[in-house]
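Please read the structure below before turning to the comments.
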Amino acid sequence: MNGNPLFLNGFNAYWLMYMASDSSMRVKVTTTFKQASKYGMNVARTWAFSDGGYKPLQSDSKVWAHSTI
């Protein structure tokens, strides 16, 4: 960036959205990012959807669970 190389070191964590939807499990999300940072990781790839099922992000068309976001 600004003429310097940008090195990305990351991980996949499809389950972050699922954990973040439950306030009692959010500490696992925080812990995951802290551990990743400790090991030099600076990118996380996750799924940003959860429709239907347990604690959905979108329960119906144009209906969003703002507590999950």
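The values are calculated or read from the model by the stated rules, or taken from the named source; none is laboratory data. All values reported here derive from a predicted model rather than from experimental measurement. When we count neighbours, we look across all protein chains shown, and the Cβ atoms used for this are built from the backbone with ideal geometry, even at glycine.
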Identify all residues within region 10-69 that are modelled with pLDDT under 75, assigned to a loop (DSSP other than H, G, I, E, B) and among the charged types (D, E, K, R); write none if there are none. 55
Taking residue 10 as the residue in question, decide whether it is touching a strand residue (DSSP E or B) at 6+ places or on another chain (Cβ under 6 Å) and either surrounded by 10 or more Cβ atoms within 10 Å (Cβ to Cβ) or over 27 Å from residue 56 (Cβ atoms) (or both). yes
